[in-house]
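Right, one structure below, let's go through it.
Rule-based calculations on the coordinates, nothing more; no lab input. In this text, all values refer to a predicted model and were calculated from it rather than measured experimentally. Here the Cβ positions follow ideal geometry from the backbone for every residue, glycine too, while neighbour counts run over all protein chains shown.
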Amino acid sequence: MRTHTLVPTLMVLGALALTASYSSASSTVPDTATVSARSGSSTASSRVHGVDPSKIKGLRIVSDNSENGSCPFATSYPDVPGAEAMTAAMKKDVERRLATFRSTACANGLDGGEGIELDISHRFLVASGDVLGVRLTTLDRSAAGSGLSARTYWYDGRAGAYRTALGLVATDSRDAFVTALKARLKGREGVAAATLDDVFTDAASRAAVLDDMAFTADGGLRVAFDRGDVAVPAAGALTVTVPERTVTAWLSAFGKRAQHQTVRPSGSLRPGA
């Protein structure tokens, strides 16, 4: 995607409570994989599967919600022991979005027809071995269009470092990766070649638009673009899946481990391994 402040209320939930909370959030805010499935792949192997959060030891869910009906919001993100750098990145993003929502939509009394609302929910993509992946999905009803956007966060337990989505791809392979994406996007309804050239023109722009990537069950890399990122807004959200046989050679060392742990998870999460 290109481009809140009450004292946060922390709700520390156990693993079982998380499962119930997650199911509720998912019914309100569809994640990117669900949305894109309506216009793309339908085979099981091409879908991005989630994980059972009850198996993540020591997991806490940091939640905040409004008590004021005129400025409704609900946010949540996970705090996984050993993955503090990733937690900090998610916290920063959530607090920035909430601050913007409260200072603009709420302060100005905006009403988008259904009423203003901000909902930020999360989903685990992989939690196995030394790899952790999370997608945050945001629904901002005060924003233009659908108000729906998503971003993935990755944690490299071997290096003890937070990785962005683009960190799944090796630095010296990103030109080839972007070329492949552009080739797959050309010809899609609402996509113009000039727009693609502009979107992927430099490193900063690439990092901004390539912020939602996850592996499919068969090892392909699925790239999701928010509405208006690479096409006219009317075209909606778009996804591109680069198959395993093509993308593996372009992955970073961490990307290959994330791919492996998605396709053949080794079991319990060990973020400090």
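For the reader, a short list of remarks on this structure follows.
- Evaluated at q = 0.09, 0.15, 0.16 Å⁻¹, a Debye calculation over the C-alpha positions of region 108-262 (equal weights, vacuum) places log10 I(q)/I(0) at -0.31, -0.82, -0.92.
- The residues packed around Thr171, meaning those with a beta-carbon under 13 Å from its beta-carbon, carry a net charge of +1 if Lys and Arg are +1 and Asp and Glu are -1.
- Extension reserve of the Ala249-Arg270 stretch, reckoned as 0.36 nm per residue once the Cα distance is removed: 5.0 nm
- In units of the compact-protein estimate 2.2 N^0.38 Å, region 92-173 shows a Cα radius of gyration of 1.38.
- Residue-by-residue Karplus 3J(HN,Hα) for region 164-173, coefficients 6.51, -1.76, 1.60, Hz, glycine and proline x: 7, 4, 5, x, 6, 9, 4, 4, 7, 10
- Each Cα pair under 8 Å and six or more residues apart adds its sequence gap; the mean of these over the residue count of region 137-273 is a relative contact order of 29 percent.
- Spatial extent of region 180-273: Rg and Dmax, with the Cα atoms as the point set, Å: 15.1, 46
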